[in-house]
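Undergrad: Okay, handing you the structure first.
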Amino acid sequence: MENRGTQNCDDMAKALAGLPAKYEKGNWNGYDEKPLDNESYFFANEFAKQLPHQFRGADVGIDADGEVTFEWYRARDCQCSLTFAKSGNVYCVVRNGGDRIMATISSKASGKILDLIGEVVNG
C-alpha cells in the first residue's frame, strides 16, 4: 500500500480527497499498478463518512489493483486492514495477538466491520 501516515480525522479526509489526483494514472509506483478505481473510491468515501470519530485515524492509501485501503495499527501484532473492492465488498484482515481473521464482508454490514476495527483501535 502507498501513502501511509494518517494520524487523525482531518488527515484521513485529506488523504482520501487527494487520491484521485495522485493515482489517476496507472504505474504510479513503477510496477504496473492500476489507477484508482472509481467504485472503490466511492465505497471507501461512503464508509469513511459513517466511521465513528475514534476510528477515523486510519492510514489511507491505494493497493496495486487501484483499490482504496484503510489501515489501523496499535502494535506489530495488532492491526486491521480494509480494502474496498469495486464490487462493494470489503476485504478485512485483522491481527490481534496470535489470532488472524480474514473476511470478505458486504459494505452494507458495517456493524461487523466496526466491531473488528474496534478490537484493534480500542484493545
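Undergrad: Which one is nearest to the chain's Cα centre (by Cα), of the residues in the range 58-92 that are in a strand (DSSP E or B) and acidic (D, E)? Outline the logic, then answer.
TA: Just the residues of the range 58-92 that are in a strand (DSSP E or B), to begin with: 59-62, 68-75, 78-84, 89-92.
Adding the requirement that they be acidic (D, E) leaves 59, 71.
Numbers: D59: 7, E71: 5 Å.
Residue satisfying both the conditions and the ranking: E71.
Undergrad: While we're here: For a quick check of your reading of the model, give me the residue pairs whose first member lies in the range 43-59 and is closer than 19 Å to V94 by Cβ, whose second is among the acidic types (D, E) and not in a loop (DSSP other than H, G, I, E, B), with beta-carbon atoms closer than 7 Å and at least 6 apart or on different chains.
TA: Listed pairs, sorted by first residue: A58/E71; D59/E71.
Undergrad: Let me ask something additional. Just for the range 3-30: of the residues that are modelled with pLDDT of 85 or more and either in contact with a strand residue (DSSP E or B) (Cβ under 6 Å, 6 or more places away or on another chain) or not charged (D, E, K, R) (or both), which one is farthest from E71 (Cα to Cα)?
TA: Ranking the candidates gives A21 first.
Undergrad: For Q54, which of the numbered conditions (1) within 21 Å of D115 (Cβ to Cβ); (2) polar (S, T, N, Q); (3) modelled with pLDDT of 90 or more; (4) assigned to a helix (DSSP H, G or I) fails to hold?
TA: (3)
Undergrad: If you don't mind, there's one more thing I want to ask. Within the range 26-41, which residues are touching a residue at least 40 places away in the same chain (Cβ under 8 Å) and part of a loop (DSSP other than H, G, I, E, B)?
TA: Once the filter is applied, which keeps residues that are touching a residue at least 40 places away in the same chain (Cβ under 8 Å) and part of a loop (DSSP other than H, G, I, E, B), the range 26-41 yields G26, D37.
The values are calculated or read from the model by the stated rules, or taken from the named source; none is laboratory data. Because the structure is a prediction, the values reported are computed rather than measured. In this analysis, Cβ positions are derived from the backbone assuming ideal geometry, glycine residues included, and neighbour counts consider all displayed protein chains.
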